[in-house]
Amino acid sequence: MANIQKRGENSWFLTVNMGKDINGKYIRRTKTVHCRTKKEAESEYAKFRQEVEAGEYIAPQKMTFAAFVHEWKEKYARKHLERATLHTYTNYLNNRILPVGSVKKFV
């Protein structure tokens, strides 16, 4: 299976193979990007592969905003934000954005 496939005009399908699971089934992560040239698609593939291998890739799926915030904090924010910035964002999320009473606050 090719890692980069042209899908249509300015559309490319990227696939990162992650090996097999314990049942022998292949694990793949995919993404569609919009680029004009194959060279741009190869650049996007390199970024996507690095993101998947670093464990920072958040697969598109149905989830609540609170679940997304938790995953974002674990996979991205703690690694890329300064402590004061993370503290400020956490306060805004807990006090202003996440509904009080229906969503559990995160630490």
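Take the Cβ atoms of W72 and H34, set R0 to 30 Å, and the FRET efficiency comes out at 0.80.
In plain terms, the chain from Y92 to E9 could stretch by 25.7 nm, reckoned as 0.36 nm per residue minus the Cα-Cα distance.
Taking the Cα atoms only, what angle lies between the long axis of helix 83-92 and the longest principal axis of the chain, rounded to 10 degrees? Result, in degrees: 70.
Of the peptides 53-61, 10-18, 31-39, how do they stack up when ordered by the mean number of other Cβ atoms within 10 Å, highest first?
Working: 53-61: 11.0, 10-18: 16.0, 31-39: 13.1.
Packing proxy ranking, top to bottom: 10-18, 31-39, 53-61.
Note that the range 53-59 has calculated 3J(HN,Hα) couplings of 5, 7, x, 9, 6, 10, 5 Hz, one per residue in order, obtained from phi through the Karplus relation 6.51 cos²θ - 1.76 cosθ + 1.60 (θ = phi - 60°); glycine and proline are x.
Every read-out reported here was derived from the displayed coordinates using simple, explicitly stated rules and does not represent laboratory data. Computed from a prediction, not measured in an experiment: that's the story for all the values here. No Cβ is skipped: glycine too gets one built from the backbone with ideal geometry, and neighbour counts run over all protein chains shown.
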